[in-house]
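These notes concern the structure reproduced below.
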Amino acid sequence: KVLTQNDQLMWTAIAYLVYGIGINIVNNFNLYYFIYVIGDATKFSILGVINTVIGLIAVALFPALTAKFSRRKLFFASIAIMLVALLIYAGSGTNVTMALIGAGLFALPQPLIFLVVLMTITDSVEYGQLKIGHRDEAVCLCVRPLVDKFAGAVSSGIIGLVAVWVGMTGGASAADIKPDALFHFQIVMFAAPIVLMVIASFIYRAKVTLTEAEHARIVRELEEKWEDLSK
């Protein structure tokens with residue numbers, strides 16, 4: 001009921017859900033790529049270190065970036081970087097260095113988008129209070145983890161089905177994966193997430209209008225109403 005009444009919360013959640021399914025497909029398929037395409041699972045540990053370092057850097061830079069750019073600009077710039085990263089990753093083949101660059105670059109903006117969405121959902125509390133007359137802070141803030149878990153569950157189901165479909169199970173190795181199976185794998189790992197992230201961007205651009213300036217205006221209006229009631 002809160003989602004249907006608070007349209008900014010609802011559209012932010014829908015955009016984040018579509019985006020989340022896309023990135024989870026890539027993130028969960030990373031290990032498969034290193035095992036069954038590159039043929040060297042040990043290199044996957046390097047990616048783990050890279051992702052940890054760049055994740056910390058991205059979070060540390062977030063306050064400075066939001067001070068210079070709006071959250072909307074940061075969201076779309078992050079999506080653009082991730083799309084370029086997927087193209088690099090998809091074209092890497094068995095080149096470990098290129099795959100690490102693509103996968104690392106793909107992971108770089110993910111904490112930024114997470115924080116943009118988290119702050120937009122937080123701002124939707126006041127938006128909902130102004131629109132429907134009462135605060136639903138606990139309900140609004142639980143939407144983000146709910147969407148994360150749902151996106152993770154959907155992507156995990158996709159991973160399992162595709163892994164069986166292309167033969168990336170059991171004792172299979174990179175040499176056992178046929179060219180047509182590899183093509184199908186790459187379509188799901190790269191093309192499908194690209195489409196999902198583009199769709200999420202269109203939803204966010206068309207439906208999410210709760211900017212920092214709009215939230216500030218809402219807070220001022222709520223303060224004025226509170227002052228009028230307290231007189």
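In the set Phe190, Phe183, only one residue is free of Cβ contacts under 8 Å to residues at least 12 places away in the same chain and closer than 30 Å to Tyr36 by Cα; that residue is Phe183. Does Pro109 count as without any contact (Cβ under 8 Å) to a residue 40 or more places away in the chain and within 30 Å of Glu137 (Cβ to Cβ)? The answer is no for Pro109. Does Ala103 count as under 23 Å from Asn24 (Cβ atoms), in contact (Cβ under 8 Å) with a residue 12 or more places away in the chain, small (Gly, Ala, Ser) and touching a helix residue (DSSP H, G or I) at 6+ places or on another chain (Cβ under 7 Å)? Yes.
Remark: pairs (first residue in the stretch 205-224, farther than 17 Å from Arg135 by Cα; second residue modelled with pLDDT of 90 or more and assigned to a loop (DSSP other than H, G, I, E, B); Cβ separation under 9 Å; 6+ apart in sequence or on different chains) = Thr211/Ser70; Glu212/Ser70; Ala213/Ser70.
The values are calculated or read from the model by the stated rules, or taken from the named source; none is laboratory data. Just so we're clear, the structure is a prediction, and the values are computed from it rather than from any experiment. Cβ coordinates were reconstructed from backbone atoms using ideal geometry, including for glycine residues, and neighbour counts include every protein chain displayed.
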